[in-house]
Amino acid sequence: MSKSINVAMIGQGFMGRSHSNAWGQVKRFFRPELVPVLHTVFGQEFEHPEKFAEVWDWKHSSTNWEETIKNPEVQLVDIVTPNFMHAPPAKAAIAAGKPVACEKPISATLAEAREMSEAAEAAGVDSFVWFCYRRAPAVALAYKLVREGMIGDIRHIRATYLQEWADDSVPFAWRFKKALAGSGAHGDLNAHIVDLTRFVSGLDITEICGAISETFVKERVVPGNNMTDEELRYSKDARTGTVKAEVEVDDATLFLARFDNGAVASFEAARQATGNYNANSFEINGTKGSLKFNFEDMNHLYFFDATRPRYIQGWTQILCTNNVHPYVGNYWPDGHLIGYEHGFTSMAYDILLKLNGEEPTVPLPSFTDAYNTQRILEAALVSAGEKRWVNLADIR
């Protein structure tokens, strides 16, 4: 007989929809022994969490996250709030001895990320971070091929995450304020490709250099001309009355890195890369072959086998939608494509496996993993600001 676990989700919005769909769908596709129950969703009063609960089949709604986490019926806490609001509910869940899952980056500051990691470790509480791109079947296959030695010793890595949404027309929001977001494209996008390359390669970054960070749109219009935050730096056009706030985070950050085996790498994140919608990509080059992946073509992995005779070498396009590929057998028949939402559902399944004492399909990132990724991001900001090499051992 299956067991159940009551989930509380702290936050709503885009990620709230993604997570709600995952918790609701996972039992239909994977049939886990530990079945999630959508118990309570928290949202602020103006967000009308009761309406969100009705649409996404949450049994209860709440406007008090502290009471939600303290509720003895709640057994797993899932956090999807803006970055600056990750730490308080995460720490509260850990203090209550409840496993906690959190969106990335786990905090707007490195110090707070370290506190969250240390708290989870000290309490022995399971923690999970939603680096969902690990669960794309093509990425999980790349992870497998590296461990089987298919590309040999890794020498070089290129990773980019390019989007175009943050042009001049986009109004000011929490994502553009440092105290609330921590950083811009860097923390939002580079976090993913740093995690992906560390995950697939099995290597760790030891040094950062050559970092550069830029904000192209210096001010953005505040919707409704409503300046409620006294700390918000802004200007007002005397002729039109338009209120603009200063953008405090980056639009693009690029940096170079060295891994612990001597491999070198480049990372690029940009929110104004015209023509790119969600181009999360990496290329990993080894002594025996190479792998390439781009999320805009998420069902394919590209593999170059340098051990084949030279006259038949070339990039092989692998359609990762057969039941022999990770996760796929739980969804659709061979050759039927999967999409963005399936990464969340697959991760929900792996979380349930871990909480039930079983091995996840591929490793799950913990708060400690996310903290170490955030150390790399911090090192890149130091490198950009001081124009020098930065040793990861010095970033705590």
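Going through region 80-113 one residue at a time, which ones are open to solvent by less than 40 Å² (accessible area, probe 1.4 Å) and hydroxyl-bearing (Ser, Thr, Tyr)?
Correct list: Thr81, Ser107.
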Among the residues of region 309-321, are any buried (at least 23 other Cβ atoms within 10 Å of the Cβ), among the aromatic types (Phe, Trp, Tyr) and modelled with pLDDT of 95 or more?
no
The strands (runs of 3 or more DSSP E) lying wholly within region 280-394 that contain at least 1 residues that are among the basic types (Lys, Arg) and over 16 Å from the mean Cα position of the chain (by Cα) are 289-294
Residue pairs within 8 Å by beta carbon, gap of at least six or interchain, first lying in region 84-101 and without any contact (Cβ under 8 Å) to a residue 60 or more places away in the chain, second of a type in the set (Lys, Arg) and open to solvent by 30 Å² or more (accessible area, probe 1.4 Å), listed first then second, are Ala92/Lys70; Ala96/Lys70
Checklist line | Flag for Tyr143 being open to solvent by 10 Å² or more (accessible area, probe 1.4 Å), touching a His at 6+ places or on another chain (Cβ under 8 Å) and part of a helix (DSSP H, G or I) | finding: no
When (1) modelled with pLDDT under 95; (2) at negative phi; (3) within 19 Å of the chain's Cα centre (by Cα) are applied to Asp250, the one that fails is (1)
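Listed here are the residues, each with its yes/no results for (1) among the hydroxyl-bearing types (Ser, Thr, Tyr); (2) over 28 Å from Val100 (Cα atoms); (3) part of a strand (DSSP E or B); (4) out of contact with any His (no Cβ under 6 Å at 6 or more places or on another chain).
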residue: Ala120; (1), (2), (3), (4): no, no, no, yes
residue: Thr160; (1), (2), (3), (4): yes, yes, yes, yes
residue: Asn190; (1), (2), (3), (4): no, no, no, yes
residue: Ala211; (1), (2), (3), (4): no, yes, yes, yes
Looking across region 29-46 at residues that are farther than 19 Å from Ile69 by Cα and among the charged types (D, E, K, R), the single one that is most open to solvent (accessible area, probe 1.4 Å) is Arg31
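The values are calculated or read from the model by the stated rules, or taken from the named source; none is laboratory data. None of the values given here were measured: they were computed from a predicted structure. Positions of Cβ are backbone-derived with ideal geometry, glycine not excepted, and every protein chain shown enters the neighbour counts. Heads up: the accessible areas ignore ligands, DNA and RNA and are worked out on the full protein's heavy atoms, side chains in. Shrake-Rupley method; radii C 1.70, N 1.55, O 1.52, S 1.80 Å.
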